[in-house]
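Remarks on the structure that follows.
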Amino acid sequence: MSLIFSFIPYIKRLIVLILILFGLAVGFILSKALFDLSIYSNAVFDFMIDKSSYNVAYFSSSLIGALGIISFIGLVLLVGSWVERRMIAKFQIRVGPNRVGIFGLLQPIADAIKLMQKEVLVPAVADKLLFFIAPVAIFIPAILAWAPIPWGPNMTYLNINIGILYIFAVSSLTVPIIFFAGWSSMNHYALLGSMRTVAMMVSYEIPISLSLLSVVIITGTLNLTEIVLWQSSNSIWLGLLIPFSLFTFFFSSTAEINRTPNDIAEAESEIVAGYHIEYSGMKAGLFMAVELGNAVLLGALVTSLFLNGWFLFGLENYIPPYIIFIAKTVAIYIVLIWLRATLPRFRLDQLMNFAWKMLIPVSIINFFMIAIETTIITNLDSSKYIIYLFAIINIAVFVGLIILWSKIFKIDKFSPEKIAPIFAQKIGGIKAMEGTKSVD
Amino acid sequence: MIEFSTYNVIFFSISSFTLISAISVGLVNSLMRSLFFLILTFIGVAGLFILLSADFIAIAQLLIYAGSISILLLFAVMLTPESSTNNGNSKYFLPGILIGIIFTYLMVALVTIFQFNQLSGIHLKKLDFDNTIASIGELLLGKYIIAFELASILLLFALIGAISIVRSNESDFLISLNNKDKK
Amino acid sequence: MTVQENYELNIGPQHPSTHGVFRIKVSMNGETIEDLDMIVGYLHRSMEKLSEERTYTQNIPFTDRADYLAAMSNNLGYCLAIEKLANVIPPQRATVLRVIFAELQRIASHAMANGTLVSDAGAWQTPLLYMFREREKILDLFEMTCGARLTTNYMRIGGVAFEPPAEFYPLLNDLLGELPDKIDEYMDLLSTNEIFIARTKNVGIINPKDAINASLSGPALRGSGVPWDLRKADPYCDYDNYDFDVPLGLIGDSYDRFMVRMFEVKESVKIIKQALNNLPLGMHKTQIPLALRPEPGQLYFRTEGPRGELGYFVVSDGGPAPYRLHIRPPSLINLSLLKQLAIGSSLPDAIVTLGSIDIVVGEIDR
Amino acid sequence: MIELEYYLIVSILLFGIGLFVCIGKKNIISIVMGIELLLNAVNLAAISFSRYGSEFESQSDALSGHIFVIFILTVAAAEAAIALALCVLVYRHLKTINVSDVSELG
């Protein structure tokens, strides 16, 4: 009997184990039926085209795909906040939400219900129209940007040949919306936050576009699916081939989506919440949801541009490709959470200096280097191994540039020996201090 | 006269959206709101470009007009604090409406009178662009290379010019530097 | 907002970085602070006036609530002042226990100060919560000794209120064993973190002359490199018998103040270890009359609190209650330099400077 | 079927509205907005001519309209930057951005 009782502390872990095994079993059974989700929307199209016109069939089948993507985003918005809170709690030796539902899984739903019940306060001097439109409008680019993401071999919702440009253009629409949100609140904190956002986004769009240009020039296409296929046909991840572009894209995107260490637009210790300080209830919830959704979107973009999308060393033949894609996306998202739990925040001018004095010049150098390499690769299409050589060269240059940069900007002057305090030799005022001072 | 098809519905909804937002730009009092409607107009025009199967231009429209020029305007509004509240009509408001209507009437009359089909000799037909982006790239770096280079030089000069116009004069700059040293 | 016109921003009374109900009215030009006005008094509880109506012993809980993050140190300063005024001599064991608890309180207070400083610099509360872990253990020790965690009311005139229980010492030894490692861990996380260095290095530099002229004290003064510690300069509680060092900063920026606090924690650990080794047996308290009536006279007594020189000015007219009790709060004096530091700097820098000066609003307003 | 004329009419309407905004507003930034509307109208006309032109021999000839629009976009960006810099300068010197107040040279 005591043996049984001794298992009780482990019962939660046992439940998790059982759930994981159950999920794996179900996943294995369903993996054949759910291997390629595009067949369902194609089936709807085939079914409808017999019954009615082409337009109706096209509309209904595209509605299926859109619903699938939107429901995935909804799931992400629900589960993502739970994941983030639990993980940050683990980083911070806390427990995190664990009261509502098993492991606190229903916490996001409870939060949403709470936010919906709260009163939406509108400042008396606010510009009512823009104040109401901004939180709704910010959702539109956040969802539209998901359209050209390649989930699997046939599973790209909007397989357009300007995919990267599309995402870039659509996400640049958030800048004025954030500005309107901050301005219409008529609050100095909000205004500061939105000015910071605009200044930062304008600066960081340049390194982002330069890093994306590197990807485009090396693959020769703007289509996200073709970029993924290029990586698999050359059997190299672009993140390895052009590591500096990956770094630039990732770092600059954290500035664009307001994540630590670049979350200066809503720095809670300085300007409290930045542009959405005056929003309450579900309107504030919408801003938070968009922020979370953008973090996951960044994961999806990094996955498809730099981490070879749905391919994972042949494993994509056995498990559904979109599962691999989502797993990679979640991995990037977890890196973002890790950064958030670890790093302090930059100052606005430091961030701008970093963008203009370091990221942009080095990105241009990197871009020229990649252009030369691309010329060589396209002219020497017989030798495939030259790409690996270039990968090694690029990694070396990447490391070299970082070291060079730290030398130029004298980062190493803060070595621990020089910044540790000294100990007083004798006690007193300025005169005693002169005797003590060993380092000037 | 006009048949009811999906394309028509989309065309009329997008164009009415564009035109209503464009009119609102002129009619609303707050400069921020008129900027907001201007962005909506840009997005509507981008939608019309997509209907015309000019995908690259539509995206460029979004990127440059809705994403960049609107932000320049935002900066201008924020740097001139009076302007966000003071967006009154000039004394030429009614003449403006009048000129707009007259111009529109004349031009619409011109367009409807002219038979473009007859003008070109053969019946107009829609061109289906399959891959505009590659062709545009080839054109820009081939046939129009000089114009392309000139445009880039123009942009560079505009950038430098804008900076040199807005920069404070030399003495202020030096004073600010000295203050920085003191701190 | 504008190029030419300044706009005003109210930082506080409720703001994540004011560490209490404290308000700064700043006039800003873009991100730069042009002018600044500090408004205190939102937490004023009239402690000094109320003390004139209560006996000397009854006033001890007020001192808990002045600097609520360093209750033990405040108790200690007050009790020492009254003891000197009334010529009460505490037993030797009580003095050593007082040193132990005051140094534990210093560790807890510095952990809180540095944690909130890193939070102000934008870390998402992780270092704060790490440092809370250590503070939590110290507060547990307080709880098992005197029943309270924050407002301890532990020191008495003529000794300490209670003898620590038997399980106190092993737990304290465990804590002392692991604390230096933990401090090193935080140093690994923060002191060589480039973002943290970029945010705090060369931010809010106080040069030594300014610091002395503004009568700064505590880590804010020592961060500027001025070797001044009342435990060494004007020893009380036999601090001159302990072997410890006084860490000094190099240039007086926020980073130096942070590092000085970190190293002071290590020195406090050294002091507590020595105190535990030399803990004499005996009474923990002498008997004093219920209504203590010191001879008429006045006295200013100062101790080194976690935030600096904590002074008590007591005037006795021979009655059971002080005729006048004035507290010299280190936070208020240290805060007086914020205006000079913040004008011309950017808002985030001012926030970090404020965090590095480490104020407690309960003490400022009293 | 939607023909070239419809797009042209939309473009003309947009141009008329742009004219009205340019003339009817006294705020310089509003006028810049009106100019942007004018440029958009022209872009729309150019793209619709490029789309509905059958006498072009090849696709690249038809895409001349697109090239036009790209250059207009470039010029618009340059023009907006310069115009807004001028706005800021005018505001600094005269403390107003009302065009009717900016009537003197020097």
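None of the figures in this text is laboratory data; all of them are computed from the coordinates on show. Keep in mind the model is a prediction, meaning the values are calculated, not measured. FYI the Cβ positions are ideal-geometry reconstructions off the backbone, even for glycines, and counts take in every protein chain you see.
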Within 10 Å of each Cβ of C:193-205, how many other protein chain Cβ atoms are there on average?
-> 4
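Can you give the local net charge around C:ILE39? Use residues other than it whose beta-carbon is closer than 9 angstrom to its beta-carbon, Lys and Arg +1, Asp and Glu -1. Mind dumping the intermediate values first?
Working: positive: C:ARG23, C:LYS25; negative: C:ASP37.
Once all neighbours under 9 Å are counted, the net charge is +1.
If packing is taken as the average count of other Cβ atoms within 10 Å, what order do C:242-253, A:104-115, A:151-162 fall into, highest mean first? Walk me through the intermediate numbers first.
Values: C:242-253: 21.2, A:104-115: 16.2, A:151-162: 19.7.
Per-residue mean Cβ counts within 10 Å order the peptides as C:242-253, A:151-162, A:104-115.
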Relative contact order of segment D:4-101 (C-alpha contacts under 8 Å, at least 6 apart) in percent is 30
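Provide the FRET efficiency to the nearest 0.05 for the D:GLU5-A:ASP36 pair, computing r from the beta carbons and using R0 = 35 Å.
Details: r = 45 Å, r/R0 = 1.29.
E between D:GLU5 and A:ASP36, to the nearest 0.05, is 0.20.
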Can you grab the distance from the C-alpha centre of segment D:1-37 to the C-alpha centre of segment C:248-290, Å, no decimals?
-> 75
Karplus ³J(HN,Hα) for segment A:244-255 (6.51 cos²θ - 1.76 cosθ + 1.60, θ = phi - 60°; Hz, whole; x = Gly/Pro) runs 5, 5, 4, 4, 4, 4, 5, 5, 5, 5, 4, 5
Residue-span extension gain [B:LEU98 to B:SER16] - 0.36 nm each, minus C-alpha spacing | 27.4 nm
Ordered by packing density, taken as the mean number of other Cβ atoms within 10 Å over each peptide's residues, highest first, how do C:37-48, A:127-138, A:44-55 rank?
-> A:127-138, C:37-48, A:44-55
Any of A:LYS407/C:LYS273; A:LYS90/A:LYS283; A:LYS128/D:LYS95; C:LYS84/C:LYS182; A:LYS114/C:LYS201 with alpha carbons more than 32 Å apart? Name them for me.
-> A:LYS407/C:LYS273; C:LYS84/C:LYS182; A:LYS114/C:LYS201
Tell me, what is the FRET efficiency for C:PHE168 and A:PHE28 to the nearest 0.05, using R0 = 60 angstrom and their Cβ-Cβ distance as r?
-> 0.55
Counting partner chain Cβ atoms within 10 Å of every residue's Cβ in A:166-174, what's the average?
-> 5
Rounded if a/c is under 1.5, else prolate if a/b beats b/c, else oblate: with a ≥ b ≥ c from the C-alpha gyration tensor eigenvalues square-rooted, which is segment C:119-216?
-> oblate
Return the long-range amide H neighbours of C:MET28 (sequence gap of 5 or more, or a different chain), with a cut-off of under 5 Å between placed amide H atoms.
-> C:TYR7, C:GLU8, C:LEU9, C:GLU34
Can you give me the three principal axis dimensions of the protein assembly as shown from its C-alpha atoms, in Å, biggest first?
-> 119, 87, 56
Mind telling me which of A:PRO123, A:PRO421, A:PRO321 comes out most flexible in a GNM of chain A, alpha-carbon contacts under 10 Å?
-> A:PRO421
Sequence-distant residues sharing a close amide H with C:ARG328 (under 5 Å, placed H) | C:GLY311, C:TYR312, C:PHE313
Ordering A:254-260, B:5-11 by per-residue average of other C-beta atoms within 10 angstrom, highest first, gives A:254-260, B:5-11
Rel. contact order, % - alpha carbon contacts under 8 angstrom, at least six apart, segment C:196-286 | 32
Reduced to Cα centres, the span from segment A:120-181 to segment A:305-331 in Å works out to 26
Looking only at other chains, what is the average number of their beta-carbon atoms within 10 angstrom of each beta-carbon in A:331-339?
-> 0
Could you give the distance between the Cα centres of segment C:107-170 and segment C:1-70, to the whole Å?
-> 23
Residue list for segment A:345-368, given a label point 7 angstrom along the Cα-to-Cβ vector of A:LEU401 and an amide N cut-off under 16 Å | A:354-368
Between rounded, prolate and oblate, where does segment C:40-173 land on the alpha carbon gyration tensor, with a ≥ b ≥ c its root eigenvalues, rounded for a/c under 1.5, else prolate if a/b exceeds b/c?
-> oblate
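Tell me whether chain A comes out rounded, prolate or oblate; compute the Cα gyration tensor, take square roots of the eigenvalues as a ≥ b ≥ c, and use a/c under 1.5 as the rounded threshold.
rounded
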Residues of segment A:346-378 with amide N under 17 Å of the 7 Å Cα→Cβ point at B:LEU141 = A:367-378
What FRET efficiency do you get for C:LEU281 and C:GLU136 if R0 is 35 Å and r is their Cβ-Cβ distance, rounded to the nearest 0.05?
-> 0.70
Counting only C-alpha contacts under 8 Å and six or more residues apart, can you give the relative contact order of segment A:221-347 as a whole percent?
-> 32
